[in-house]
Every structure is written in C-alpha cells, then in structure tokens.
Amino acid sequence: MSRLMGDSIRYKSAGTGRKVIVEQITMIVMLFFTGCAMVALETTVCARIRIPLFGWSAASPALGLLFSMAAGFLFGEREGGITGLLCGCLTDAAGIHTAVANMVILPPLYFLCGYASGMIGRRRLAHNLPSFMVFSLVGGGIRCILSIGLATVKLRALPPPVWVWRGLIPAWVLTVLFSAVVYGVTYGEKRLLEPKGNF
C-alpha cells in the first residue's frame with residue numbers, strides 16, 4: 001500500500017514539474033512575440049501620432065519600454081529584465097530614437113527599468129493601473145533626460161528647446177497615456193497564464 005502511495009506521489013510530482021515547464025515556455029513565447037509586436041507598433045503606426053499642443057510634430061510612445069516595465073510589474077523582475085533587453089535591442093536596431101540609436105543605450109536602460117519595476121512594484125506598491133502609470137511617468141522621464149544628455153554629447157552643446165518641446169515631451173506624454181493600454185494587454189496575458197491567480 002505504501003509503495004502504491006509513493007508511486008502516486010512521484011507521478012503527481014512529475015506531472016506538476018512538466019506543467020510548470022510548459023507554463024514557463026508559454027510565458028516566454030508570449031512575452032517574446034508581444035514585445036516584438038509592441039516595438040513594431042512603436043516604430044510604424046504609433047510613430048505617426050501628432051499632438052496639436054506641441055505643434056503637430058510627430059511623436060511615438062515608448063511601447064517597448066512600457067511593455068518591459070509591465071512584464072516586470074506583473075510577472076516579476078527576471079521577466080521584466082529579459083523583456084527589457086529584448087525590447088531595447090529591437091528599438092535600438094530600428095533607430096527611430098535618433099538621440100540614443102546605435103549607441104547601445106536602450107537595452108541596458110530597458111533592462112533596468114523592467115527589473116526595477118518588478119522588484120519595487122511587486123513588493124512596495126499596490127498592484128493596479130495607477131501604480132503602473134507612476135512607473136511609466138518615471139521611466140519616460142528617465143528616457144527623456146538620457147536623450148538630452150546623449151544629444152548634448154553628440155552635438156557638444158545643449159539641444160535646441162524646440163527639439164525638446166516638439167520631440168521629447170510629446171513622446172513622454174504619449175508614453176504615459178499609452179501605459180493603460182500596455183498594462184491591459186500584459187494583464188490579459190497574466191490572466192491567460194494564471195486564470196485563478198490574484199494580482
């Protein structure tokens with residue numbers, strides 16, 4: 001009898017282990033393709049968005065950055081960091097952010113933002129959209145400051161204020177506005193992977 005019980009426990013453990021592996025692979029694949037889709041949207045459709053307040057200049061929300069932080073916020077710091085590296089490399093390769101493109105700056109920046117979002121968000125803040133929007137505000141601000149700094153290095157002078165007003169600020173505003181959409185998409189993926197979980 002005890003032998004049968006031991007065999008049953010081992011069988012259940014093996015089944016649980018396989019289930020965990022399948023869930024991990026599913027999560028990785030889902031985050032990978034969603035990250036690629038976010039960067040593709042950022043560099044194509046969303047790059048044509050214009051805001052009247054800023055002189056109708058074209059701007060694009062940092063969807064790759066947002067998704068990196070959302071992955072960390074909802075899945076954990078490891079997932080956020082890995083997703084940040086992926087989205088940072090893809091965005092850098094696309095070269096739409098002229099101030100930071102081709103300088104291998106975005107991958108470590110997105111990695112740090114995704115990791116910090118997971119580490120701080122899951123332990124210190126409430127798990128909701130307003131908390132994530134705070135992260136999007138901070139993350140977008142860090143990217144703006146970094147862009148100004150790198151542009152200053154390239155030009156050997158401070159960039160013109162019109163570039164900041166019509167280029168960086170609109171992108172920052174759009175990043176915060178689009179954070180609700182990216183959070184919703186990532187939250188939906190979390191629900192698909194863990195339909196009975198509480199977040």
Ordering of 35-42, 139-146 by packing [mean C-beta count within 10 Å, highest first]: 35-42, 139-146
ARG191, ARG123, ranked by accessible area, largest first (probe 1.4 Å): ARG123, ARG191
Average accessible area per residue (Å²) across the stretch 61-199 - probe 1.4 Å, nucleic acids and ligands excluded: 48 Å²
Area accessible to solvent at LYS154, 1.4 Å probe radius, in Å²: 110 Å²
Inter-probe distance in nm under a simple model that places probes 7 Å from Cα toward Cβ, at ALA37 and GLU23: 2.2 nm
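The values are calculated or read from the model by the stated rules, or taken from the named source; none is laboratory data. The model shown is predicted, which means the values in this text are computed figures rather than measured ones. For neighbour counting, all protein chains shown are included, and Cβ atoms are generated from backbone atoms with ideal geometry for every residue, glycine included. Protein only, heavy atoms only, side chains kept; ligands, DNA and RNA dropped before computing areas. Shrake-Rupley method; radii C 1.70, N 1.55, O 1.52, S 1.80 Å.
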